[in-house]
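**Student:** Could you have a look at this structure, given as structure tokens, before my questions?
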Amino acid sequence: MPQGLGVVLEEWKCLDKEYQQLQETHRMYLQKLDEISKLQNNCSSSISSQRKRLKEVSHLVEKCSKGASEEDAKTLDEINEKIKMRPNAFSEMEAFLPKKNGLYLSLVLGHVNVTLLSKQSKFAYKDEYEKFKLYHTVLLMLFSFICYFFVSYRFLDAILNFLLVWYYCTLTIRESILITNGSRIKGWWVFHHYVSAFLSGVMLTWPDGNPYKIFRNQFLAYSLYQSLVQCLQCYYQSGCLYRLRALGERHNMDLTVEGFQSWMWKGLTFLLPFLFFGHFWQLFNSLSLFRMAQLSDCKEWQVLMCALCFLILFMGNFFTTVAVVRHKVKSRNQKPKRKAKSVNMTDMDAETSTHTKPAVDEEEPLFSNLDLFLFSLIVGLVIYWFMSRKKPEQIPEFKKLDTPAPTTRETSFIEKMKKTGKNIIVFYGSQTGTGEEFSNRLSKDAQRYGMKGMAADPEEYEMGELARLSEIKNSLAIFCMATYGEGDPTDNAQDFYDWLQENDDEDLSGLNYTVFALGNKTYEHYNAMGKYVDKRLKELGAKRIFDLGLGDDDGNLEEDFVSWREQFWPAVCEHFGVEALGDDSSIRQYELKEHTDLNMNKVYTGEIGRLKSFEVQKPPFDSKNPFLAPVAVNRRLNKGGNRHLMHLELDITGSKIRYESGDHVAVFPTNDSALVNKLGQILGVDLDVVISLNNLDEESNKKHPFPCPTTYRTALTHYLDITHPPRTNVLYELAQYASDPKDQENMRKMASSSPEGKALYQSWVLGASRNILAILEDMPSLKPPVDHLCELLPRLQARYYSIASSSKVHPNSIHICAVVVEYETVTGRINKGVATNWLKNKLVTDNGHKSTVPMYIRKSQFRLPFKTTNPVIMIGPGTGIAPFMGFIQERGWLKQQGKEVGETVMFFGCRHKNEDYIYQEELEEAEKNGVLTQLNVAFSRDQEQKVYVQHLLKKNKEHIWKLIHSDNAHIYVCGDAKNMAKDVQTALHEIGEELGGMTRTQATDYIKKLMTKGRYSQDVWS
């Protein structure tokens, strides 16, 4: 036999012998396990039997006690005392016997046995439970701190709330296991974790919006404070647990009881102020949310539900804490003082078994040095936080005006129409105010046809009531829907759009409707929103009573609307069998009220929403509450030429405003004071008279055409558009105030739909770029009342600019790149762009004061690719370079962070290299540093034949096609929509045909697919 084989056989014999022993050991283990199981069942049965018999014996003892002798009574008392001690002994025994799970554990875990059968395993589980609470409390505290002070993203808030839900749900399960293993946690200390889990779940589902933003910081601060207090509780409880375990003072599972039932007295006295402050913070949160729920624009159910949860938490925590304190004080006062005595180890009971020296009547100090240090540190941090907060300017005289009493708003347009006797409702989706203006005109037109109409913002009403419109006789819904961005609904029509998409089973068979769409043919998705509403309403069974109207802002939107309206009303009359009243008189919507003795602190001075909001700034900042951003930089970009291209930097430090590269900044400009003064002189009015224009329809949600009370000067400066050529309805309404019959005739002709009228309006108003001031100057007989003029003029809208910076590099400033608009009209007047000239004059300091710009951020879909390795191709001539400056800064920042960044190719264009090559130094520096892998600049007028960005694209066609077709590049176009954007698309179609072997149709479809996938993005304007 080989020697190696002998070794193998010997090793196998050894292994086989050990295996036989293992089998025998396992057999004995199973036998013992079976014996233990039987013993457990016997013990459980015996305990049950003992309990039953003890009850019977107890009744017998009670009967025998009556009339028993003194000696018998003494014996019966001894038996009675022992009977009373037995339940505790049974509880001690049952702590080590298997028990059935309670209802909650059965639902969560089924019938899995969770009983721990040794003291070591029970203590180990308790320790693990306490560590779990401590570690996750620290994690939640850090997360709350980051969300409160550094970031403001909804998805991070959602992660925090999800962690809270998971944390509290896990606590409820772990506590149920502890209770099963003998812990006497009970009552509120169990229930309040269920309430907290529910509250966190409600916060998780709360949609992003103004109510959420208002309460967000308050909730985060509360979460941060609660986490801090829980860390302090863990610190004191761990000390108590250690001491109690060393002394063996309590029941083996009482050490985890919530509510400090087994805590040291000094720990309780130290924590009480923090605990009560947290309880009252819960009450404050509840009251804040109840007040918020009463606001008219607060529609979320989460507000009221969170308010109820916080109220329940306050009541439970407060009254339970008070009860525990009362019990502790009572126990402390009743505890007899122990005299000094010698104690032998054999005489000690379980409570003092580890004492090795006499107990002395020694009074411990209430606070240790560490307690005092921690308390001082926390108080110091709280004081620092309050002192370092930005203090609002004190305005005691009109503090009440900042928070006007909320008014309840009717959200049922059906009930409002029934109440006011109206049968036509005109919904508008409007981003710049034109859609709202058209809807107001249509609602006023209804009166001329014996009907009554109302304009309505779909955001303010429950659009699910459209099916009920048939309850009103001869009812009609008109939709004036503008398209915004890449075929998207306007902000105020977003909810209506979502409702149309989600409700496939809605029956609108009783609804009569028509749609007028507002759009611009230069955009890819021309009138997409209006077309979708028209198609979707028909799919849901509604009846279209007149053809879809398509308004083109690239042509003549006013003419398109007037032509559609002229045919629309006769069709309505025919459908409902009514006749026009023939009343062409002016219909006023607002009445004038002059104020002579009003406190000027109650007068609007240019605020968009809340009175005095420019004096006391309160986040969150949005379209109704803009932030006054100081101008930090205002410099000219171009080196020469007649134009003025400028770069502005707005300081947003301390505003908590967050933005991303590609977003837009909206600014609220004001009209030139010289134009306002001229209007006042021509009309012969005192511009400083305080007035209010009040809606004659008291049921209307829109009480005033602009914030009132205010002065004519403020209205014409801040609220009304006086530089845009007036629409035909304004000319029609003002015609009655012309004393010259010829002027009156011409104004009415321009407002008509006749070919001569349209031609006259096109040449005399639009072609000559006449604004209202120019019309009044050129028609001396026209003297309209200033209040009627203010009623008719459209609102001055915010202007949007692509942000020319990255928040990664410039977190506290927003950069704007713009060209000042200024041109001469055919009448010889110089017309100036409202916003750009206003921004041009915003010097960093003006008479010793910092210039400020009211602004807010509008989010955009114009975003860098999620994968940094994707190449990007940026095409932006002129000021179209703005968002790409932010993109370049961000790609540079990513490279500095050590991340791999794909190719970054820039196509820029301007007229002359020596005049308007803006950001030249920054672009060349980026190319030098490798941030820009390729910089292509077209100087269109530096040579005889003009060269544009599309020509450079075709010049680099092989590289461009490789990036697009093979490397998954993202294409970005910013600038002129009418010519440049179309020419760029055409160039890419030609590249696809030449290098991709496609037909023109295939190349067009290829680019459209890139748009659908989000790889071709446009930020264009006409």
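**Student:** Being among the aliphatic types (A, V, I, L, M) and part of a loop (DSSP other than H, G, I, E, B) is the filter; apply it to the range 686-719 and report the residue that is nearest to GLU436 (Cα to Cα).
**Tutor:** Start the filter on the range 686-719 by keeping residues that are among the aliphatic types (A, V, I, L, M), which leaves 687, 689-691, 693, 696, 715-716.
Now narrow it down to the ones that are part of a loop (DSSP other than H, G, I, E, B): 687, 689, 696.
On the way: LEU687: 27, VAL689: 28, LEU696: 18 Å.
Checked the range 686-719; the qualifying residue nearest to GLU436 (Cα to Cα) is LEU696.
**Student:** Let me ask something else about it. Given the options SER769, SER754, name the one that is outside the structural domain of LYS422 (by TED's automatic domain parsing), surrounded by fewer than 19 Cβ atoms within 10 Å (Cβ to Cβ) and in contact (Cβ under 8 Å) with a residue 60 or more places away in the chain.
**Tutor:** Details: SER754 fails: in contact (Cβ under 8 Å) with a residue 60 or more places away in the chain.
Of the residues listed, the single one that is outside the structural domain of LYS422 (by TED's automatic domain parsing), surrounded by fewer than 19 Cβ atoms within 10 Å (Cβ to Cβ) and in contact (Cβ under 8 Å) with a residue 60 or more places away in the chain is SER769.
**Student:** With respect to ASP651, determine if the residue is assigned by TED's automatic domain parsing to the domain that holds LYS840 and either modelled with pLDDT under 95 or over 13 Å from THR852 (Cβ atoms) (or both).
**Tutor:** Details: assigned by TED's automatic domain parsing to the domain that holds LYS840: yes; either modelled with pLDDT under 95 or over 13 Å from THR852 (Cβ atoms) (or both): no.
Criteria not met by ASP651.
**Student:** Using the structure shown, decide if ILE722 is under 21 Å from GLU558 (Cα atoms) and either within 37 Å of the chain's Cα centre (by Cα) or in a loop (DSSP other than H, G, I, E, B) (or both).
**Tutor:** Values: under 21 Å from GLU558 (Cα atoms): yes; either within 37 Å of the chain's Cα centre (by Cα) or in a loop (DSSP other than H, G, I, E, B) (or both): yes.
Spelling it out, ILE722 is indeed under 21 Å from GLU558 (Cα atoms) and either within 37 Å of the chain's Cα centre (by Cα) or in a loop (DSSP other than H, G, I, E, B) (or both).
**Student:** Identify all residues within the range 139-194 that are within 20 Å of the chain's Cα centre (by Cα), in contact (Cβ under 8 Å) with a residue 12 or more places away in the chain and outside any helix (DSSP H, G or I); write none if there are none.
**Tutor:** Once the filter is applied, which keeps residues that are within 20 Å of the chain's Cα centre (by Cα), in contact (Cβ under 8 Å) with a residue 12 or more places away in the chain and outside any helix (DSSP H, G or I), the range 139-194 yields VAL151, SER152, TYR153.
**Student:** Let me ask you something else. All but one of (1) modelled with pLDDT of 95 or more; (2) of a type in the set (Ser, Thr, Tyr); (3) out of contact with any Phe, Trp or Tyr (no Cβ under 9 Å at 6 or more places or on another chain) hold for THR845, so report the exception by its number.
**Tutor:** (1)
**Student:** Same structure again: Strands (runs of 3 or more DSSP E) wholly in the range 780-843 with at least 3 residues that are in contact with a Ser or Thr (Cβ under 6 Å, 6 or more places away or on another chain), outside the structural domain of PHE884 (by TED's automatic domain parsing) and closer than 19 Å to PRO883 by Cβ - which ones?
**Tutor:** 813-819
**Student:** Take the range 666-681 and flag every residue that is touching a Leu at 6+ places or on another chain (Cβ under 7 Å) and over 17 Å from ASN837 (Cα atoms).
**Tutor:** LYS678, LEU679, GLY680
**Student:** What are the residues in the range 634-666 that are at positive phi and crowded, with 21+ Cβ neighbours inside 10 Å, if any?
**Tutor:** Across the range 634-666, the qualifying residue is only GLY662.
Yes or no, residue by residue, for (1) of a type in the set (Gly, Ala, Ser); (2) free of Cβ contacts under 8 Å to residues at least 24 places away in the same chain; (3) within 21 Å of ASN181 (Cα to Cα); (4) not assigned by TED's automatic domain parsing to the domain that holds ASN181:
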| residue | (1), (2), (3), (4) |
| --- | --- |
| SER44 | yes, no, yes, yes |
| ARG51 | no, no, yes, yes |
| GLU56 | no, yes, no, yes |
| PHE90 | no, no, yes, yes |
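**Student:** Do we find that ALA477 is farther than 18 Å from LYS452 by Cβ, touching a helix residue (DSSP H, G or I) at 6+ places or on another chain (Cβ under 9 Å) and touching a residue at least 12 places away in the same chain (Cβ under 8 Å) in this structure?
**Tutor:** no
**Student:** Out of all the residues in the range 462-483, is one or more in the same structural domain as VAL572 (by TED's automatic domain parsing), of a type in the set (D, E, K, R) and modelled with pLDDT under 90?
**Tutor:** No, every residue in the range 462-483 fails to be in the same structural domain as VAL572 (by TED's automatic domain parsing), of a type in the set (D, E, K, R) and modelled with pLDDT under 90.
**Student:** Going by what's in this entry, would PRO854 be described as under 29 Å from the mean Cα position of the chain (by Cα) and not hydrophobic (A, V, I, L, M, F, W, C)? It would help to see each step written out before you state the result.
**Tutor:** Numbers: under 29 Å from the mean Cα position of the chain (by Cα): yes; not hydrophobic (A, V, I, L, M, F, W, C): yes.
The answer is yes for PRO854.
**Student:** Starting from residues that are surrounded by fewer than 18 Cβ atoms within 10 Å (Cβ to Cβ), in a helix (DSSP H, G or I) and not aliphatic (A, V, I, L, M), keep the ones in the range 199-221 and report whichever is farthest from the chain's Cα centre (by Cα).
**Tutor:** GLN218
**Student:** Return the only residue of TYR604, TYR659 being among the hydroxyl-bearing types (Ser, Thr, Tyr) and under 16 Å from ALA798 (Cβ atoms). Walk me through how you get there before you give the answer.
**Tutor:** Working: TYR604 fails: under 16 Å from ALA798 (Cβ atoms).
The match here is TYR659.
**Student:** Looking at the range 863-916 only, could you name the residues that are touching a His at 6+ places or on another chain (Cβ under 8 Å), among the polar types (S, T, N, Q) and not in a loop (DSSP other than H, G, I, E, B)?
**Tutor:** Matches in the range 863-916: GLN889 only.
**Student:** Report yes if some residue within the range 114-123 is at pLDDT 80 or above, surrounded by 18 or more Cβ atoms within 10 Å (Cβ to Cβ), farther than 26 Å from ILE657 by Cα and of a type in the set (Ser, Thr, Tyr); otherwise report no.
**Tutor:** no
**Student:** Turning to a different aspect of this structure: Scan the range 808-832 for residues that are surrounded by fewer than 22 Cβ atoms within 10 Å (Cβ to Cβ), touching a Phe, Trp or Tyr at 6+ places or on another chain (Cβ under 7 Å) and over 24 Å from THR717 (Cβ atoms) and jot them down.
**Tutor:** Correct list: LYS808, VAL809.
**Student:** Tell me, please, whether a residue that is in contact (Cβ under 8 Å) with a residue 24 or more places away in the chain, within 38 Å of the chain's Cα centre (by Cα) and more than 25 Å from THR522 (Cα to Cα) can be found in the range 942-954.
**Tutor:** Looking for residues that are in contact (Cβ under 8 Å) with a residue 24 or more places away in the chain, within 38 Å of the chain's Cα centre (by Cα) and more than 25 Å from THR522 (Cα to Cα), one finds none in the range 942-954, hence no.
**Student:** Scanning for something more than 19 Å from ARG863 (Cβ to Cβ) and buried (at least 17 other Cβ atoms within 10 Å of the Cβ), does the range 965-976 turn up at least one residue?
**Tutor:** Checked against the condition, which is being more than 19 Å from ARG863 (Cβ to Cβ) and buried (at least 17 other Cβ atoms within 10 Å of the Cβ), the range 965-976 yields at least one hit.
**Student:** To continue, here is another question. Against the definition (under 60 Å from the mean Cα position of the chain (by Cα), aliphatic (A, V, I, L, M) and either modelled with pLDDT of 80 or more or exposed (fewer than 12 other Cβ atoms within 10 Å of the Cβ) (or both)), how does LEU97 come out, yes or no?
**Tutor:** Taking the combined requirement at face value, the residue does not satisfy it.
**Student:** Now for a different question. So, in the range 979-1020, of the ones that are surrounded by 16 or more Cβ atoms within 10 Å (Cβ to Cβ) and outside any helix (DSSP H, G or I), which residue ends up farthest from the chain's Cα centre (by Cα)?
**Tutor:** Among those that are surrounded by 16 or more Cβ atoms within 10 Å (Cβ to Cβ) and outside any helix (DSSP H, G or I), it is MET998.
**Student:** Follow-up. Please verify whether LEU932 is closer than 28 Å to SER807 by Cα, assigned to a loop (DSSP other than H, G, I, E, B) and at pLDDT 95 or above, treating the condition exactly as stated. Steps first, answer last, please.
**Tutor:** Values: closer than 28 Å to SER807 by Cα: yes; assigned to a loop (DSSP other than H, G, I, E, B): yes; at pLDDT 95 or above: yes.
When the stated conditions are applied, LEU932 passes them.
**Student:** Restricting to the range 429-463, name every residue that is under 24 Å from the mean Cα position of the chain (by Cα) and part of a strand (DSSP E or B).
**Tutor:** GLY429
**Student:** With respect to HIS970, determine if the residue is outside the structural domain of GLU524 (by TED's automatic domain parsing), over 22 Å from SER661 (Cα atoms) and at pLDDT 95 or above.
**Tutor:** no
**Student:** Conditions first: (1) within 31 Å of the chain's Cα centre (by Cα); (2) surrounded by fewer than 21 Cβ atoms within 10 Å (Cβ to Cβ). LYS840 passes all but one, so which condition is the exception?
**Tutor:** (1)
**Student:** Only one residue in LYS612, LYS521 is at pLDDT below 90 and farther than 19 Å from MET451 by Cα. Which one?
**Tutor:** Testing whether each residue is at pLDDT below 90 and farther than 19 Å from MET451 by Cα leaves just LYS521.
The values are calculated or read from the model by the stated rules, or taken from the named source; none is laboratory data. Note that the structure is predicted; figures quoted are calculated from it, not measured. Virtual Cβ from ideal backbone geometry, glycine too; neighbours counted across all protein chains shown.
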